[in-house]
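The values are calculated or read from the model by the stated rules, or taken from the named source; none is laboratory data. Computed from a prediction, not measured in an experiment: that's the story for all the values here. Neighbour counts run over all protein chains shown; Cβ positions are idealised from the backbone, glycine included. Only protein heavy atoms, including side chains, enter the accessible area calculation; ligands, DNA and RNA are left aside. Shrake-Rupley method; radii C 1.70, N 1.55, O 1.52, S 1.80 Å.
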Amino acid sequence: MSQPNLLLGANIDHVVTLRQARYRTMLESPNAEPSVLAAALEAEAAGAHSITVHLRADRRHIQDADVHLLRRNIGTKLNLEMGNTAEILRIALDIRPHFVCMVPENRDEVTTEGGLDVCGQRDALRATVKALSDNGTRVSMFIAPDLDQVRASAEIGAAMIELHTGTFANHTGPERQAEVERLIAAAALGHELGLQINAGHGLTTANLPDLWPVPHLAELNIGHHIVSRAVFVGMRAAVREILDVMATYGA
Ligand code: PXP
């Protein structure tokens, strides 16, 4: 397998979306499947560098027990995506994931639609970043490629930013190109400010090459596409497919 120079966080939320579609009210059933842990171990076996899950306030997919199970049993690193609420912070402090990515959360959204407004919630986010960092977790801010949000993320003490690539992924042509320019500027500023630069949302084997002009990328978090491909080719092959494209970054 080719060796990528950037890391893959495999987001397996939608493996659990499938389990919840049938077993939401009977998670104790011996039939409750697919297994979140088996999915994580398959992704790791294929070369994923970390496992990402989003424990949402509405628990629409990942459940508390899933996060505990993964924390105890995966061999790589756990990246927990979370909204900034007291309840989820308590859980994160207890579970001590290797990484946390702070995300905006809105009950009616289908998925995380925009970036976190770090500028507008500096004090609340600074306190959460400190609590998590003091507890041994590296913290990232999931933000739009907006220079003010990059500066605010550095200022409140985040170690990393994850640039939201949803606009990039969901457009083509000149609109996508314009977004690439915004991503380039945000990545360059973040790097200059000492932040690790990650990216995620809507990334696929097809659109990744268009992202490659963005400098300083350290890690990509990819979920929907991996799980969708896994339906047809299996989790290992789906992860390998994306890693093979990732290996062309900076080539
Ligand atoms: N990064 C963050 C912070 C996210 O919230 C999501 C969606 O859960 C992803 C990455 C992955 O996005 P996708 O499932 O579109 O690959």
Discussion item. Here's a check for you: in the range 71-103, which residue that is open to solvent by 30 Å² or more (accessible area, probe 1.4 Å) and part of a loop (DSSP other than H, G, I, E, B) is farthest from residue 148 (Cα to Cα)?
Written reply: 75
Worksheet item: Mind checking whether some residue in the range 99-113 is at pLDDT 95 or above and farther than 13 Å from residue 83 by Cα?
Response: yes
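Tell me which residues, restricted to the range 144-154, are more than 15 Å from the ligand (Cβ to nearest atom) and either under 14 Å from residue 196 (Cα atoms) or crowded, with 20+ Cβ neighbours inside 10 Å (or both). Quick ask: steps written out before the conclusion?
Keep residues of the range 144-154 that are more than 15 Å from the ligand (Cβ to nearest atom), which gives 146-148, 150-152, 154.
Within the range 144-154, 150, 151, 152, 154 qualify.
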Discussion item. Which numbered condition in (1) in contact with a strand residue (DSSP E or B) (Cβ under 9 Å, 6 or more places away or on another chain); (2) of a type in the set (D, E, K, R); (3) open to solvent by 40 Å² or more (accessible area, probe 1.4 Å) is the only one that residue 219 fails?
Written reply: (3)
Discussion item. On the basis of being more than 11 Å from the ligand (Cβ to nearest atom), of a type outside the set (Gly, Ala, Ser), open to solvent by less than 40 Å² (accessible area, probe 1.4 Å) and part of a helix (DSSP H, G or I), does residue 176 make the cut?
Written reply: yes
Practice prompt. Kindly list the number of the only condition in (1) farther than 16 Å from residue 250 by Cβ; (2) away from the ligand (no atom under 14 Å from the Cβ) that fails for residue 216.
Written response: (1)
Worksheet entry | Cβ-Cβ under 8 Å pairs, at least 6 apart or on other chains, the range 9-27 side of a type in the set (Lys, Arg), far side within 16 Å of the ligand (Cβ to nearest atom) | 19/36
